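What follows is a set of notes on a single structure, which appears directly below.
Readers should treat all values here as calculations from the given coordinates under stated rules, not as data from a laboratory. Not measured: the values here are computed from a predicted model. Note that we place each Cβ from the backbone using ideal geometry, even for glycine, and neighbour counts take in every protein chain shown.
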Amino acid sequence: MELLISTMMQGFIYALLSYGVYITYKILDFPDLTVDGSFPLGAAVTAYFMVNGMNPYLTLPLALLAGAVAGLATGLIHVKLGVRDLLAGIITMTALFSINLQVADSNLAIERSIDTIFTAAPTAVLGDLSLTYKKFIISLILALVCKLILDWYLQTKSGLLLRATGDNDTLVTSLAKNKGSVKILGLVIANALAALAGCIVCQEQRAFTSTMGTGQVVFGLATVIIGTTLFRRLSFVKATTAVFFGSILYKICIQLAISMGLPANLLKLAMAVLFLLVLAAGSWKGGAKKHA
Amino acid sequence: MLELKNVTKIYNPGTVTEMCLFDHFQLQVKEGEFVSIVGSNGSGKTSLLNIICGSIPIEGGEVLIGGENIAKMKEYQRYRRIGRVYQNPSMGTCPNLTMLENMSLADQKGSFCGLGRGIQKKRIDYYKEQLALLGLGLEDKLHVKVGALSGGQRQAAALVMTTLTPIDFLILDEHTAALDPKTAEIIMELTDRIIKEKHLTAMMVTHNLRYAVEYGSRLLMMDKGGVVLDQSGEEKTHTTVEDILGLFTKISIECGN
């Protein structure tokens, strides 16, 4: 039971990253690899500032900002310098690896004496629940709040334009809008969310490690595809909701594999295989699916 | 209204495949004119539209709209005053958005897309009214994804979306070419009506010689980057499809087609 709660909590936190990948991959049709760098960037910034005594809640907007800058970099490289989408992401991701090392070295632990968003004073309102349950509730709230904000945003004029840009950018140009700016905006939002996920993961495990970004794009893509494929027939389910459940389901699958004796060193292999299975299943069921 | 001065367009400059399409090309379109442009493939019709809209760069010359040189403007900036309907019906609408979302989007042309609600409830009646003018029943399909509509319905929707906000200039790039004859006829009639109602200046490229003769106030025939026929007013009303076809065939034979 404890294990399930903690696995679901992982799913909630990583759902933030999935929302980000949903924006770039599904809405903008932009395969953004920056996420492998912006996720640990959020964690590195968080670890650095918390070790130096910053309030844990203040690290949330700070991580958002750091991720936004990373997304901006990829966006500018792609739009202003005309570098292909995939390569633009790879450039930023590679650069961020070094930047993260500069910020927080290869490992940076947050000691037990430092309060995180899960243990700081305001969590007292949750009473004397155990830490696992507090983490569960707080990360659920964060995931739902971000989902609602994102849902609201996608219904605004700006959000409508973002969806249109991924759908038909010729039309966006015909409407006298700069499609480049819209793409940059989408990348900024997506990477801000990825960094926020990194920030919360860092606080949850009380550590930053330089390799924690590896495979996050694959995770994000897999959850988006699992979510949207599973709920494809149910049109009343919002895509963000589908992605949210995709994230939880994915974490449960991985946890099951570990529980059944999968060595931790094979984890990324298992992630890749799971992703492959999801893609293959999608193209079987959906017939000729364009992006699968 | 629109003026092209000494426009030079060279494809693949500096390579063995270099091809000079326009060499100091001149054209003037007066306000309120509806210009039909015909010509064989490669005569420069679509290039002409692309030059006006900024979709392709030019090597020299000026493009003026209302006296303002727009040759240096980016494509998206030029569309503040220009509306364009493409040959491919899927270019003018977003397939994964609903009809209502598409209309709301088109309504945003010329204004800033901020954090206000994307769909203005009080505008819905206006959208319905505009779609109802088409007579295709699109006003009852506001919540249908546009990708599920037929090519003709999408092209009609694209036409309404393009002219929903005030524009000075309408560009029609073989916009009936991908439609079946009956639907093409409907779209062509709608186009003519919208242009007249909104007093637009328009340029239409078409392969349909009959449309070129029947519609519009001026007729241009292009060949190898030049205008070989330019008729308007009284002269145009006496022109028949046979006259045009005769000239068309003559040019084609000279080319060796």
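Couplings 3J(HN,Hα) of segment A:236-241, computed from phi: 7, 7, 5, 4, 5, 5 Hz, in residue order, whole Hz [Karplus 6.51 cos²θ - 1.76 cosθ + 1.60, θ = phi - 60°; x for Gly and Pro]. In chain B, Cα pairs under 8 Å separated by at least six residues give a relative contact order of 26 percent. Note on segment A:2-213: lysine pairs with Cα distance below 13 Å, sequence gap of 8 or more or different chains, count 4. With the Cα gyration tensor of segment A:124-168 giving a ≥ b ≥ c as the square roots of its eigenvalues, does the rule (a/c under 1.5 for rounded; else a/b larger than b/c for prolate; else oblate) give rounded, prolate or oblate? It comes out prolate by the Cα gyration axes. Shown here for segment A:36-144: trypsin sites (Lys or Arg not before Pro) in loop regions (DSSP other than H, G, I, E, B) with at most 15 other Cβ atoms within 10 Å, namely A:LYS80, A:ARG84, A:ARG112. By how many degrees, between 0 and 90 and to the nearest 10, does the Cα long axis of helix B:151-162 differ from the longest principal axis of chain B? Around 90 degrees separate the two axes. Ranking of A:HIS78, B:HIS175 by neighbouring Cβ atoms within 10 Å, starting from the fewest: A:HIS78, B:HIS175.
For chain B, what proportion of DSSP beta bridges, expressed in % and rounded to the nearest 5, is antiparallel?
Once the DSSP bridges in chain B are tallied, antiparallel ones form about 55 percent.
Cα centroid separation, segment B:223-251 to segment A:157-174: 40 Å. Think of the protein assembly as shown as having a plus end and a minus end, set by charges on the Cβ of Lys, Arg, Asp and Glu; of B:LEU105, B:LEU138, A:ALA121, A:ALA121 sits farthest toward the positive end of this dipole. Sequentially through segment B:230-239, phi angles give Karplus couplings (6.51, -1.76, 1.60; θ = phi - 60°) of 9, 10, 8, x, 3, 4, 5, 5, 8, 6 Hz, Gly and Pro residues having no value and appearing as x.
The simple spin-label model puts a point 7 Å past each Cα toward its Cβ; for B:LEU115 and B:ILE253 those points are separated by 7.0 nm. For the residues of B:50-56, the average number of beta carbons from a partner chain within 10 Å of their own beta carbon is 1. The angle separating the long axis of helix A:85-104 from the principal Cα axis of greatest extent in chain A is about 20 degrees.
For segment A:2-213, what is the relative contact order in percent, using Cα pairs closer than 8 Å and at least 6 residues apart in sequence? This gives 46 percent for segment A:2-213. Taking a ≥ b ≥ c as the square roots of the eigenvalues of the Cα gyration tensor of segment A:143-288, is the shape rounded (a/c under 1.5), prolate (a/b larger than b/c) or oblate? Prolate shape, in that a/c is at least 1.5 and a/b is the bigger ratio. Here chain A is treated as a Stokes sphere of Kirkwood radius computed over C-alpha pairs; at 4 °C and 1.567 mPa s its diffusion coefficient rounds to 67 µm²/s. For segment B:2-255, the alpha-carbon coordinates run over 56, 40, 34 Å along the three principal axes, in decreasing order. By the beta-carbon count within 10 Å of each Cβ, the least crowded to most crowded order of B:ARG123, B:ARG154, A:ARG163, fewest first, is B:ARG123, A:ARG163, B:ARG154.
Taking the Cβ of each residue in A:LEU16, B:LEU247, A:LEU276, B:LEU170 as the centre, tally the other Cβ atoms inside 10 Å and list the residues starting with the fewest.
A:LEU276, B:LEU247, B:LEU170, A:LEU16
For chain A, the mean residue ellipticity at 222 nm estimated from helices alone is -23500 deg cm²/dmol, where every DSSP H run of n ≥ 4 contributes -39500 (n - 2.57) and the total is divided by all residues, rounded to the nearest 500.
In summary, the lysines within cross-link reach of B:LYS236, defined as a Cα separation below 24 angstrom excluding same-chain residues under 8 places away, comprise B:LYS30, B:LYS45, B:LYS196, B:LYS198, B:LYS224, B:LYS250. Remark: mean inter-chain Cβ contacts per residue of B:94-105 equal 4, using a 10 Å Cβ-Cβ cutoff to other protein chain atoms.
The mean count of C-beta atoms from other chains within 10 Å of the C-beta of residues in B:68-81, rounded to a whole number, is 2. Relative protection proxy for B:229-237, A:124-132, B:24-32, from highest mean packing down: B:24-32, B:229-237, A:124-132 (other beta-carbon atoms within 10 angstrom). Backbone phi angles across segment B:20-31, fed through the Karplus curve with coefficients 6.51, -1.76 and 1.60 (θ = phi - 60°), yield HN-Hα couplings of 8, 8, 10, 10, 6, 6, 10, 7, 10, 10, 7, 4 Hz in residue order; Gly and Pro are listed as x. Centroid-to-centroid, using Cα positions, segment B:11-62 and segment B:79-126 are 28 Å apart. The H on the amide N of B:GLY39, modeled in the peptide plane, is under 5 Å from the matching H of B:MET222, each at least 5 residues off or on a different chain. Distance between the 7 Å Cα→Cβ label points at A:ILE137 and B:ASN88: 5.4 nm. How large is log10 I(q)/I(0) at q = 0.13 Å⁻¹ when the Debye formula is applied to the Cα atoms of segment B:1-92, each weighted equally and without solvent? Evaluating at q = 0.13 Å⁻¹ gives log10 I(q)/I(0) of -0.46. Between the C-alpha center of segment A:48-113 and that of segment A:211-256 there is a gap of 23 Å.
Modelled this way, with points 7 Å down the Cα-to-C-beta line, the labels at A:ARG233 and A:MET260 are 2.5 nm from one another. Rg of the Cα atoms in segment A:1-135, relative to 2.2 N^0.38 Å, amounts to 1.20. In this calculation the C-beta distance from A:ALA207 to B:LEU245 is compared with R0 = 60 Å, giving a FRET efficiency of 0.15.
Could you tell me whether segment A:61-194 comes out rounded, prolate or oblate from its Cα gyration tensor? Rule is a ≥ b ≥ c as square roots of the eigenvalues, rounded for a/c under 1.5, then prolate if a/b exceeds b/c, otherwise oblate. Cα axes put segment A:61-194 in the oblate bin. What Kirkwood hydrodynamic radius, in Å, does the protein assembly as shown give when the mean of 1/r is taken over all pairs of distinct Cα atoms and then inverted? After inverting the pairwise mean of 1/r, the radius is 26.3 Å.
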